[in-house]
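What follows is one structure encoded as structure tokens, with my remarks underneath.
The values are calculated or read from the model by the stated rules, or taken from the named source; none is laboratory data. Because the structure is a prediction, the values reported are computed rather than measured. Reconstructed Cβ throughout: ideal geometry from the backbone, glycine too, with neighbour counts over all protein chains shown. To get the accessible areas, we keep the full protein, side chains included, count just its heavy atoms, and leave off ligands, DNA and RNA. Shrake-Rupley method; radii C 1.70, N 1.55, O 1.52, S 1.80 Å.
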Amino acid sequence: MAKPVSITVSHELGREGAVARLRDGLDRIRDRLGMVKMDLVEEHWEGDSLHFGVAALGYTVRGRLDVEQTLVRVEMMLPWVLAVFAEKLKIGVEKQGQILLEKPRA
């Protein structure tokens with residue numbers, strides 16, 4: 001049975017600033033995924049939403065990242081085989097999201 005995963009990361013960049021930061025950070029995301037044997041195999045933006053696919057352990061997980069004024073919301077469905085990794089995945093995405101969306105220091 002598939003497991004829904006929902007992750008939110010707050011930010012102080014505003015919608016446009018967060019979208020710009022995420023668009024610019026996709027290469028860093030690809031590098032981080034590669035370090036844990038995952039690949040970003042699909043990505044396309046529709047307005048402030050990124051539709052993505054990540055390949056891991058022979059499965060492709062598709063999801064959506066929505067950028068709002070003060071938070072980013074990630075939604076995906078993990079196949080039952082990958083559901084055991086849901087908590088680790090949430091922690092990793094939250095941490096990397098916070099790093100990417102950190103407000104620049106003055």
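Just a few scattered comments:
- Angle in degrees between helix 14-35 and the longest Cα principal axis of the chain, rounded to the nearest 10: 40
- Accessible-area value, PHE85, 1.4 Å probe, nucleic acids and ligands omitted, Å²: 100
- Solvent exposure of region 52-106, expressed per residue, is 65 Å² of accessible area, with all protein chains present and a 1.4 angstrom probe.
- Residue order by solvent-accessible surface for GLU42, GLU12 is GLU12, GLU42, largest first, with ligands and nucleic acids left out and a 1.4 Å probe.
- Here ASP24 sits with roughly 130 square angstrom of accessible surface, probe radius 1.4 Å.
- Potential lengthening between VAL36 and ILE91 on full extension [0.36 nm per residue; Cα-Cα distance subtracted]: 18.4 nm
- Using the rule -39500 (n - 2.57) for each DSSP H run of four or more residues, divided by the residues of the chain, the 222 nm mean residue ellipticity is -12000 deg cm²/dmol.
- Using 0.36 nm per residue and subtracting the Cα-Cα separation, the extra length available between LYS103 and ASP27 on full extension is 25.4 nm.
- Accessible area in the full protein assembly, largest first, 1.4 Å probe, for MET1, MET38: MET1, MET38
- The structure shown yields Rg and Dmax of the Cα atoms in Å, and of the options (i) 15.0, 46; (ii) 13.7, 39; (iii) 13.4, 47 that calculated value carries the label (iii).
- If you sort VAL84, VAL9, VAL93 by accessible surface, 1.4 Å probe, largest first, the order is VAL84, VAL93, VAL9.
- Full-stretch length increase - ALA2, ARG64 - with 0.36 nm per residue and alpha-carbon distance subtracted: 20.7 nm
- Interchain or long-range residues, amide H under 5 Å from ALA2's placed H: TRP80
- Each residue was assigned an accessible area with a 1.4 Å probe, and for LYS103 the value is about 110 Å².
- Near GLN96: Cβ cut-off under 10 Å, other residues only, Lys/Arg at +1 and Asp/Glu at -1. The net charge is +2.
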